[in-house]
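The values are calculated or read from the model by the stated rules, or taken from the named source; none is laboratory data. Values in this document were obtained by computation on a predicted structure and should not be read as measured data. Cβ placement follows ideal geometry from the backbone for every residue including glycine, while neighbour counts extend to all protein chains displayed.
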Amino acid sequence: MNTTGLTSPATPLGVLDRLTSARAVVRERTSLSPRIGVVLGSGLGDFAERLSDAVAIEYRELPGMPTPHVAGHAGRLVLGEIGAVPVACLAGRAHVYEGHTAQDAVFGVRLLAELGVGAVLVTNAAGGIAPHFAPGTLMLITDHLNLTGKNPLVGLNDERLGPRFPDMSLAYDPELREAARRAAREHDVELAEGIYAGVLGPSYETPAEVRMLAKLGADAVGMSTVLEVIALRHRGVRVGGLSCITNPAAGLAAAPLDHAEVQQTAAQATERLTRLMEGWIVRAGELVGAAGVGTNRS
């Protein structure tokens, strides 16, 4: 009997049960042990087609895995290789603004950790706040502001998932950031850097809110990523982050904001994004080595 007054179905023990069941489904479909995880944001899902010898599993086939219902998010887990690096790729993500809990929104990245990845590269489409960010800019995330009002670690903590109070001083791994810079130079891709502000959505920000975010130090704003990074760092998984700036944030351009524009701009950046991500994955794979962290749980 629960005497704590906490009755959420997404308690830690429930999460572990769901993760074990989802992992079993993946293991039935492929023997590949991924070293690097990738999360693809709005309009960026085509990168999953670059994986060789790929096995694709629809999210609806994975117990406990929430299905996204937003254009540009395919909703499938793709496992394969980039170069010689085994990769597990989430083509699309679920968002809290769709009605999912914070715990459900991070189930996908927790599954990546459960599959044994040692690092996850998260991507997103974002609105540009920094005045020099034009649509199509690729921004390496150096840090973030969690302004969603949510945290996936709220509730009882299970030490098998991670510590009660995980440190977020280096949320975006310095070595992975340097690996991205080197990959950008090697593949002739211009790479900006900045701080990402994660907000709840689904409405876009007001001009006043964008001015506030700028004063807080944000260079880009979006409706994802920050909760995933918290969950991954809780698990001890290294994280790298990349934003594709798809539009100026509210008040910084004359035209109204439109999700179709987000998808179109992300698609136009596909070639540069692909070159950067392939190089980054190879370098990240060298950093992580053959052993991940997700399989260490007893």
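Among the residues that make up segment 149-166, is at least one of them closer than 18 Å to GLY118 by Cα, among the hydrophobic types (A, V, I, L, M, F, W, C) and part of a loop (DSSP other than H, G, I, E, B)?
Among the residues of segment 149-166, at least one is closer than 18 Å to GLY118 by Cα, among the hydrophobic types (A, V, I, L, M, F, W, C) and part of a loop (DSSP other than H, G, I, E, B), which makes the answer yes.
So which of VAL122, VAL117, VAL87, VAL96 is of a type in the set (A, V, I, L, M) and within 12 Å of the chain's Cα centre (by Cα)?
Result: VAL122 is the single residue among VAL122, VAL117, VAL87, VAL96 that is of a type in the set (A, V, I, L, M) and within 12 Å of the chain's Cα centre (by Cα).
Being surrounded by 22 or more Cβ atoms within 10 Å (Cβ to Cβ), of a type in the set (Val, Ile, Thr) and within 19 Å of GLY279 (Cα to Cα) is the filter here, so list the residues in segment 76-113 that pass it.
VAL78, ILE82, VAL87
Can you tell me which residue within segment 180-219, out of those that are within 21 Å of the chain's Cα centre (by Cα), among the hydroxyl-bearing types (Ser, Thr, Tyr) and not in a strand (DSSP E or B), is farthest from ALA102 (Cα to Cα)?
Checked segment 180-219; the qualifying residue farthest from ALA102 (Cα to Cα) is TYR204.
Name the residue, out of LEU252, LEU216, LEU273, LEU232, that is buried (at least 17 other Cβ atoms within 10 Å of the Cβ) and either closer than 25 Å to GLY116 by Cβ or modelled with pLDDT of 95 or more (or both). So that I can check it myself, show each step before the final result.
Numbers: LEU252 fails: either closer than 25 Å to GLY116 by Cβ or modelled with pLDDT of 95 or more (or both); LEU216 fails: buried (at least 17 other Cβ atoms within 10 Å of the Cβ); LEU273 fails: either closer than 25 Å to GLY116 by Cβ or modelled with pLDDT of 95 or more (or both).
Unique residue meeting the criteria: LEU232.
I'm trying to understand the selection: among the residues of segment 150-172, which are buried (at least 21 other Cβ atoms within 10 Å of the Cβ) and either of a type in the set (Lys, Arg) or within 22 Å of LEU276 (Cβ to Cβ) (or both)?
Correct list: TYR172 only.
Restricting to segment 131-144, count the residues that are modelled with pLDDT of 95 or more and in contact with a helix residue (DSSP H, G or I) (Cβ under 8 Å, 6 or more places away or on another chain).
Within segment 131-144, residues that are modelled with pLDDT of 95 or more and in contact with a helix residue (DSSP H, G or I) (Cβ under 8 Å, 6 or more places away or on another chain) number 4.
Go through segment 28-69 residue by residue and tally those that are in a loop (DSSP other than H, G, I, E, B), at pLDDT below 85 and surrounded by fewer than 18 Cβ atoms within 10 Å (Cβ to Cβ).
So the answer is 1.
Need the failing condition index for ALA184 against (1) in contact with a Lys or Arg (Cβ under 8 Å, 6 or more places away or on another chain); (2) within 19 Å of MET139 (Cβ to Cβ), just the number.
Evaluating ALA184 over (1) in contact with a Lys or Arg (Cβ under 8 Å, 6 or more places away or on another chain); (2) within 19 Å of MET139 (Cβ to Cβ) leaves (1) as the failure.
Would you mind telling me which numbered condition in (1) surrounded by 13 or more Cβ atoms within 10 Å (Cβ to Cβ); (2) at pLDDT 90 or above; (3) part of a loop (DSSP other than H, G, I, E, B) HIS73 fails?
Tallying (1) surrounded by 13 or more Cβ atoms within 10 Å (Cβ to Cβ); (2) at pLDDT 90 or above; (3) part of a loop (DSSP other than H, G, I, E, B), HIS73 fails exactly one: (2).
Given the criterion more than 16 Å from ALA102 (Cα to Cα) and among the basic types (Lys, Arg), identify the matching residue among ARG177, ARG233. Outline the logic, then answer.
On the way: ARG233 fails: more than 16 Å from ALA102 (Cα to Cα).
Selected residue: ARG177, the only one of ARG177, ARG233 that is more than 16 Å from ALA102 (Cα to Cα) and among the basic types (Lys, Arg).
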